[in-house]
Amino acid sequence: MDFSNFFPNYWWILVIILSLLLYKFILRFLFGMVIVPENRLGLVTKKFVLFGANRSLPDGRIIATKGEAGFQGKTLAPGLYWGMWPWQYGVNMQPFMVIPEGNIGLILSNDGAEIPTGAILGRKVESDNFQDAVSFLDNGGQKGRQTAYITAGTYRINTYAFTVTVTAMVIIHENMVGIVTSLDGHPIESGQIAGKFIEGHNNFQDFDTFLKNDGNRGLQPSIILAGSYNINPWAIQIEEVPMTDVPIGYVGVVISYIGQDGKDLTGETFKHGNIVAKGSRGVWMEPYGPGKYPFNKYIMKVELVPTTNLVLNWANARSESHQLDKNLSTITVRSQDGFPFNLDVSQIIHIPANEAPKVIARFGSMNNLVSQVLEPTIGNYFRNSAQDSDVISFLSTRKERQMAAKEHIKNVLDEYNVNAVDTLIGDIVPPEALMKTLTDRKIAQEEEKTYSTQRMAQEKRQGMEKETAIADMQKEIVKAQQSVEIAQRTADATVKKAEGDANSLKLNVDAEATATKMRANAEAEATKARAGAQAEATKLNAAADAERISKTGLAEAEKIMAIGKSTAEAYELQVKAMGGDNFTRYKITEEIAKGNIKIIPDILIGGGTGTDGGINGLLGMKLMEMMDAKKNDKPDAN
């Protein structure tokens with residue numbers, strides 16, 4: 001293809017294509033156009049200044065704020081700019097500064113005023129979070145590390161003016177406390193080991209307020225608790241330590257190393273140190289009970305004082321969990337007779353909670369109390385006590401010595417605000433030679449007892465054998481005695497039986513007689529009762545019959561009188577008619593006929609002569625029959 005004729009005719013097409021491809025460069029050179037993308041920041045460098053008063057930067061400055069040649073403090077935000085000819089301005093596109101969550105940005109200023117002598121950080125000035133370098137420099141911003149920082153977010157930072165370092169936030173974990181050391185500020189006052197309490201700095205997150213309020217560099221009395229904090233590590237150092245734990249059964253006595261000297265609250269009776277109010281330097285009067293406390297271990301010390309009964313052992317093989325007796329050992333003493341021996345001792349003490357500050361003020365710690373008071377007091381007491389007795393007496397009077405030791409040690413510890421609960425003597429180890437002597441003596445005594453026991457056993461055995469022989473012979477004697485006794489008892493039984501039978505018979509006879517007598521009495525009583533009743537009845541009947549007979553008799557009498565009268569009159573007429581003798585014979589014959597009387601009796605009774613003799617015989621017979629009849633009618637006497 002022949003291009004020789006193409007370019008002369010279509011050169012303008014090539015110009016258009018090149019213009020479209022290189023329009024930014026063309027516009028940059030022709031009009032000084034600069035386009036800053038939306039996610040970039042334009043950092044400007046001015047190469048020269050042709051004329052004017054601000055042609056060059058002042059000495060010591062590297063950032064231009066008034067149009068001087070050099071790095072420009074003003075940056076180009078995203079957008080379109082003209083007049084930025086490439087031969088005079090250099091524009092460097094930089095991404096925005098992004099601070100991630102959970103981090104802060106530490107600022108190092110590359111330009112600014114000199115930091116005053118004694119200071120290590122530049123003070124905060126208004127600069128829109130370091131996004132306006134011109135304002136930072138115009139407002140007196142200082143060169144170097146800054147007290148201020150930027151938190152999580154996106155910033156347009158001029159990296160010619162500032163260097164940003166991303167660091168993590170400060171995190172204080174649960175049950176921990178942050179102890180603060182300031183790296184800047186005024187020197188600590190003479191005689192103090194920590195700075196003053198400063199308010200308003202929001203847990204050291206506003207370090208400029210801390211400095212404005214005359215905060216001191218070095219150890220701070222304030223602490224920070226669990227949480228996340230935006231703290232500048234160039235200004236503040238944090239040491240994370242566990243909270244102070246006061247266990248149950250203890251109190252925490254605070255010894256403060258900072259503050260003003262306080263007034264002693266114990267009075268004149270306590271002369272072993274000052275106990276002051278809370279906040280003053282010294283031992284605080286009020287102890288802390290069980291719990292967790294955010295104490296600064298570098299400015300105060302918490303001495304744990306047990307308030308329960310505390311056991312201390314003077315023994316090589318035993319130590320309590322509190323370890324206060326770990327340096328105590330078995331006490332070696334020497335007796336009056338020159339024998340050394342060892343004994344273990346246990347001392348139980350109790351420190352009241354309100355007395356704990358006095359104990360700490362006096363001794364400084366529980367270990368000092370043990371080593372300075374308890375150890376020499378108890379050791380010396382038992383050494384002195386052992387010298388007043390021999391080993392055997394010491395062993396035999398252990399209980400009494402224990403009681404005496406308890407009383408003596410109680411009196412001593414009362415002077416140190418400590419209660420002695422009890423003193424116990426444990427194992428006592430006498431000398432081996434003495435123990436051998438005692439053992440031999442004891443063995444001999446036991447052997448003597450054994451021989452005596454054996455002799456007594458033999459004597460008892462002999463007596464037993466003698467008694468056994470006697471018992472064997474006694475058996476026959478007893479048998480004979482038993483036979484005699486049986487015979488005697490048999491005879492006695494026979495006599496007793498005879499006596500019993502006689503007594504039984506006598507008793508039976510007496511019983512029968514008594515029964516008969518009682519029956520007779522009963523019968524007599526019954527008869528008497530019946531007789532009485534019959535007599536009463538008879539009396540009543542008699543009375544009734546008498547009444548009846550009286551009445552009947554009257555009637556009968558009247559009847560008889562009437563009949564008799566009539567009969568008499570009749571008889572009188574008959575007698576007159578028949579004569580007296582004939583009438584008499586007639587009535588006798590009539591009566592004989594009525595009574596069926598035999599005329600001729602079985603036995604003829606002789607009488608007189610004539611007619612009177614026969615009649616007289618008949619009348620005699622009749623009278624005899626009547627007499628026999630009356631005799632038969634009489635009741636039997638029996």
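Values in this text are rule-based calculations from the coordinates and carry no lab data. Please read these numbers as outputs of a predicted model, since none were measured by experiment. All Cβ positions, glycine included, derive from the backbone under ideal geometry; neighbour counts span all protein chains shown.
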Zero-based 5 Å bins, Cα pair distances in region 170-242, whole percents | 4, 18, 30, 26, 15, 6, 2, 0
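Using r as the Cβ-Cβ distance of I120 and L80, and R0 as 45 Å, what FRET efficiency do you calculate, to the nearest 0.05?
Values: r = 43 Å, r/R0 = 0.96.
So the FRET efficiency works out to roughly 0.55.
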From the cross-link list K263/K297; K326/K442; K124/K278; K263/K301, the entries with a Cα-Cα span beyond 30 Å are K326/K442; K124/K278
Only loop residues by DSSP count here, and only those with at most 16 other Cβ atoms within 10 Å; note down the GluC sites (Glu not before Pro) in region 43-115 that meet that.
-> E101, E114
Mind giving me the nanometre distance, one decimal, between the label points for K212 and E38, set 7 Å out from Cα along Cα→Cβ?
-> 3.9 nm
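Going by how many other Cβ atoms sit within 10 Å of their own, how do D422, D59 line up, fewest first?
Numbers: D422 16, D59 5.
By the 10 Å Cβ count, ascending, the order reads D59, D422.
Can you check what the Kirkwood hydrodynamic radius comes to for region 242-300, Cα pairs only, in Å to one decimal?
On the way: mean 1/r = 0.0816 Å⁻¹.
Evaluated on region 242-300, it is 12.2 Å.
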Simple SL model, points at 7 angstrom along Cα→Cβ for T490 and N411; separation in nm is 9.2 nm
Kindly state, to the nearest 0.05, the FRET efficiency for E499 paired with S452, given R0 = 56 Å and r defined as their beta-carbon distance.
-> 0.35
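I'm a student and want to see the number: the projected area of the Cα convex hull of region 250-430, averaged over all directions, in nm². List each step's numbers first, then the result.
Values: hull surface 44.7 nm².
The Cα convex hull of region 250-430, projected and averaged over all directions, gives 11.2 nm².
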Which residues' amide hydrogens lie under 5 Å from the amide hydrogen of M243, considering only partners 5 or more residues apart or on another chain, with H built in the peptide plane?
-> M176, V177
What the Cα atoms of region 93-153 span along the principal axes, largest first and in whole Å, is 35, 25, 18
Expected sort for W284, W82 with the fewest Cβ neighbours (10 Å cutoff) up front is W82, W284
3J(HN,Hα) from dihedral phi, region 84-94, Karplus parametrisation 6.51/-1.76/1.60, rounded to Hz, x for glycine, proline | 9, 5, x, 6, 10, 10, x, 10, 10, 7, 10
Taking other Cβ within 10 Å of each residue's Cβ, how do M456, M300 sort, fewest first?
-> M456, M300
How many nm is it between the label spots at I470 and Q260, if each spot is 7 Å from the Cα in line with the beta carbon?
-> 10.8 nm
Report the relative contact order of region 28-163, percent, no decimals, based on alpha-carbon pairs under 8 angstrom and at least 6 residues apart.
-> 28 percent
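Between A353 and I62, what FRET efficiency follows from the Cβ-Cβ distance if R0 is 56 Å, with the result rounded to 0.05?
Values: r = 66 Å, r/R0 = 1.18.
Using R0 = 56 Å, I get an efficiency of 0.25.
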If the label point sits 7 Å along Cα→Cβ of F197, residues of region 207-244 with amide N under 12 Å come out as 221-223
Under Karplus coefficients 6.51, -1.76 and 1.60, residue-wise ³J(HN,Hα) of region 31-45 in Hz, glycine/proline x | 10, x, 7, 10, 10, 9, x, 6, 10, 10, 10, x, 9, 9, 10
Taking only the alpha carbons of region 28-163, what extent do you get along each of the three principal axes, in Å, biggest first?
-> 50, 37, 17
In nm, what is the difference between 0.36 nm times the number of residues separating K517 and V166 and their Cα-Cα distance?
-> 111.7 nm
